[in-house]
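Remarks on the structure that follows.
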Amino acid sequence: MLPANGEERIAIPCDFRRYFISLLKQVLDGTEVAERFSVEQPGFSPYVFSVSFKRLVDWDKEEQRFTVLPPVLMEISTGIPSVMTAIANGVLRLYGKPVVLGLEVDAFSVPPLTRLTDEMAVFKIKGHAVLRGKEGYLDPSASTPAEIEEAINTHLFKRLEFLSSIYVPPGAVSPVAVVPELSSYRKGVCAHYGGMITTVQGRMTLQGSPASLQFLYDFGIGVRTGQGFGMLERL
């Protein structure tokens with residue numbers, strides 16, 4: 001996405017993800033997927049998304065604002081073909097039109113389908129992920145690999161159960177394990193809806209069945225995946 005006014009720099013709020021949640025509502029308007037936006041407890045998202053910029057130029061902590069260089073890239077992933085079709089059609093409908101934060105959709109592409117076949121994968125967390133433990137969001141610098149695994153697997157199976165009516169995994173889904181010696185993750189802090197939340201950033205190596213790894217790759221890791229957290233890039 002590019003600024004509709006042609007500006008070379010964009011001022012964007014630090015809690016920018018909420019604007020792209022609004023954009024997804026525009027994209028999915030009139031589809032069955034959009035029904036989740038009208039209920040008080042929509043459950044788990046059938047997609048995950050992330051937002052990135054060409055470059056971060058400045059961070060005004062007092063005003064809670066970033067200055068970034070365009071383009072702005074919004075990536076969306078799902079393991080459900082009908083959801084991806086709804087997203088693709090919605091984006092094409094908005095092509096060339098102003099959407100949020102003074103941006104307009106200037107390009108759109110669907111990458112080739114990625115199938116994971118190994119029982120170990122190295123993932124980069126795109127931006128931030130949010131892992132919820134028994135007493136709140138996990139601080140990875142103060143959490144054991146076992147606690148991180150429990151958070152990942154708890155929400156993996158809850159989401160799988162929630163999506164079971166519209167998603168059939170490509171194989172047996174089982175708990176995944178974190179491989180600490182091949183991982184490099186750290187604590188992050190992220191502005192979201194006017195507050196600050198503890199997150200996980202960095203690289204994480206996971207071991208498990210290909211179907212489990214595929215599910216996390218398609219739908220994201222942790223919670224708040226429908227709010228711009230937890231998207232994974234396979235390295």
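Rounded to the nearest 20, the Cβ-based charge dipole of region 17-147 about its Cα centre (Lys and Arg +1, Asp and Glu -1) stands at 220 debye.
Rg and Dmax of the chain, based on Cα coordinates, read 17.6, 50 Å.
Taking each of LYS134/LYS187; LYS25/LYS54; LYS61/LYS124; LYS124/LYS158; LYS25/LYS187 in turn, the alpha-carbon distance tops 21 angstrom for LYS25/LYS54; LYS61/LYS124; LYS124/LYS158; LYS25/LYS187.
Each Cα pair under 8 Å and six or more residues apart adds its sequence gap; the mean of these over the residue count of region 2-104 is a relative contact order of 40 percent.
Applied to region 5-15, the Karplus parametrisation 6.51 cos²θ - 1.76 cosθ + 1.60 on θ = phi - 60° returns per-residue 3J(HN,Hα) values of 8, x, 4, 8, 10, 10, 8, 9, x, 4, 9 Hz, with x for Gly and Pro.
Choose one answer from PRO180, PRO111, PRO98: the residue with the largest mean-square fluctuation in a GNM of the chain with alpha-carbon springs under 10 Å. In the Gaussian network model the winner is PRO111.
Put simply, when 21-27, 61-67, 229-235, 139-145 are sorted by average Cβ atoms within 10 angstrom per residue, most first, you get 229-235, 21-27, 139-145, 61-67. Residues whose amide H falls under 5 Å from that of ILE166, counting only those 5 or more places apart or on a different chain, are absent, with hydrogens built in the peptide plane.
Residues TYR185, TYR95, TYR19, ranked from the fewest to the most other C-beta atoms within 10 Å, line up as TYR95, TYR19, TYR185.
Sequence-ordered 3J(HN,Hα) estimates for region 137-152 from the Karplus curve with 6.51, -1.76 and 1.60 and θ = phi - 60° stand at 5, 6, 9, x, 6, 10, 10, 7, x, 5, 5, 5, 4, 4, 5, 4 Hz, glycine and proline given as x.
How would VAL110, VAL105 line up from fewest to most surrounding beta-carbon atoms within 10 angstrom?
Working: VAL110 10, VAL105 20.
Ranked by crowding around the Cβ, least crowded first: VAL110, VAL105.
Sparsely packed loop sites in region 123-160 (the GluC sites (Glu not before Pro) outside DSSP H, G, I, E and B with at most 16 other Cβ atoms within 10 Å) comprise GLU135. Residues HIS192, HIS155 in ascending order of nearby Cβ atoms (within 10 Å, fewest first): HIS192, HIS155.
Values in this text are rule-based calculations from the coordinates and carry no lab data. Keep in mind it's a predicted model, so treat the numbers as computed, not measured. Quick reminder, even Gly has a Cβ in these numbers, built from the backbone with ideal geometry, and neighbours come from all protein chains shown.
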